[in-house]
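Some notes on the structure that comes next.
Bear in mind these aren't lab numbers, they're just calculated from the coordinates by the rules spelled out. In this text the structure is predicted, and so the values were computed from the model without any measurement. Here the Cβ is made from the backbone with ideal geometry for all residues, glycine too, and neighbour counts use every protein chain on show.
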């Protein structure tokens, strides 16, 4: 049975460093909830607090009706945790690792096989292979199987898709959707902004602070202004030259292109921008208005003038 999570005014400091700054949010039972942000944003620290591996400096956390400090033993029994780094026993086989983690919770693979079969079926043909010899995607599936083997009410996955190939990432998120149907509250942290759209709700984090908490589509709808992608024959100097024009609130690289936001409000943005770039020596200028994605919104939230 899935559980809710209630985080109230949680702060965590390490000496003079504030890893989490007054974090408050509520997660409903059965949600697939994403914590999105770059390295150093506080995601792992928060997950370690939620799994009772760290104590908050101040604030409180309730997992269902259990207090993260007073009831930590009960919380550990209903929690599945997959840390960011592969932490299983590399010298044990796939099957030995799974049997070991099942025995810790006084259960067996046979008893809960239905819960993990969608995942474990991918690696079962390699059950006699040592875990340390598995590929990144296979290690990921084994770690998830071990986290689920005791039938937890809440599952915390700390950057589970970091370092795996695109196909494995897609397969992993498909598996998470299936897990959600088994009445489990799932919390996922990731630095990949594109994975935000796969969650029911997300919390965007930066430097220990919450920038936004909402459904992915609602965060995108809050983007203020028009967004354009720009290409020229001289991408090397494009950002620098755009910053000199000073006609935008944001200029940043986005893959092979550069994104800019319109603050002229003159109706002639594209033609004026093209003229300015031509004056700067750029040719083959391509300017196209586009819809923002979560990564654009994240950068806009760091520039608060861009968010209503």
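Among 114, 158, the ranking by other beta carbons within 10 Å of each residue's beta carbon, starting with the fewest, stands as 114, 158.
Remark: region 1-135 projects, on average over all directions, an area of 9.9 nm² (convex hull of Cα atoms).
When peptides 3-13, 45-55 are sorted by average Cβ neighbour count within 10 Å, with the highest value leading, the order is 45-55, 3-13.
Once you treat every alpha carbon in the chain as an equal point and sum by Debye, what is log10 I(q)/I(0) at q = 0.10, 0.13 Å⁻¹? The calculated log intensity ratios at q = 0.10, 0.13 Å⁻¹ are -0.65, -0.95. Our estimate of slack between residue 286 and residue 57, defined as 0.36 nm per intervening residue step minus the Cα-Cα distance, is 77.3 nm. Taking label positions 7 Å along the Cα-Cβ direction at both residue 231 and residue 16, the computed distance is 4.7 nm, reported to one decimal.
Quick one: if the Förster radius is 22 Å, what FRET efficiency do residue 271 and residue 197 give, using the C-beta to C-beta distance and rounding to 0.05? It comes to 0.10. Computed over region 112-195, the P(r) tail beyond 15 angstrom holds 56 percent of alpha carbon pairs. Computed from Cα atoms, the angle from the helix 136-148 axis to the main principal axis of the chain rounds to 50 degrees. Rounded, prolate or oblate for region 41-91? Axes are the square roots of the Cα gyration tensor eigenvalues, ordered a ≥ b ≥ c, and the cut-off for rounded is a/c under 1.5. Taking the square roots of the gyration eigenvalues as a ≥ b ≥ c, region 41-91 is oblate.
Using a simple spin-label model with pseudo-atoms 7 Å out from Cα toward Cβ, residue 74 and residue 244 lie 6.6 nm apart.
Pairs of alpha-carbon atoms within less than 8 angstrom and 6+ residues apart define the contacts here; what relative contact order does the chain have, in percent? Walk me through the numbers on the way to the answer.
Working: 574 pairs, mean separation 62.3, N = 308.
It comes to 20 percent, rounded to a whole number.
Grab the DSSP H runs of the chain that are 4 residues or longer, score each as -39,500 (n - 2.57), total them, divide by all residues and round the 222 nm result to the nearest 500 deg cm²/dmol. Intermediate results must be reported in sequence, preceding the final value.
On the way: 10 runs with 94 residues, N = 308.
Value at 222 nm, helices only, nearest 500: -9000 deg cm²/dmol.
Between the alpha-carbon centres of region 93-120 and region 194-257 there is a gap of 42 Å. Extension gain for residue 103 to residue 224 (0.36 nm times residue separation, less C-alpha to C-alpha distance): 38.3 nm.
Within the listed set 153, 168, 135, the Gaussian network model of the chain (springs between alpha-carbon atoms below 10 Å) gives the highest mean-square fluctuation for 135. Treating each Cα of region 224-291 as an identical point scatterer and ignoring solvent, apply the Debye formula and state log10 I(q)/I(0) at q = 0.12, 0.17, 0.21, 0.24 Å⁻¹. With no solvent term, the Cα-only Debye profile gives -0.24, -0.51, -0.80, -1.09.
Between 0 and 90 degrees, the angle of helix 94-104 with respect to the longest Cα principal axis of the chain falls at about 70 degrees.
With no solvent and one equal point scatterer per Cα, compute the Debye intensity ratio I(q)/I(0) for region 186-231 at 0.16, 0.26, 0.28, 0.32 Å⁻¹ and report its log10, rounded to two decimals. Debye intensities relative to I(0), on a log10 scale: -0.52, -1.06, -1.14, -1.27.
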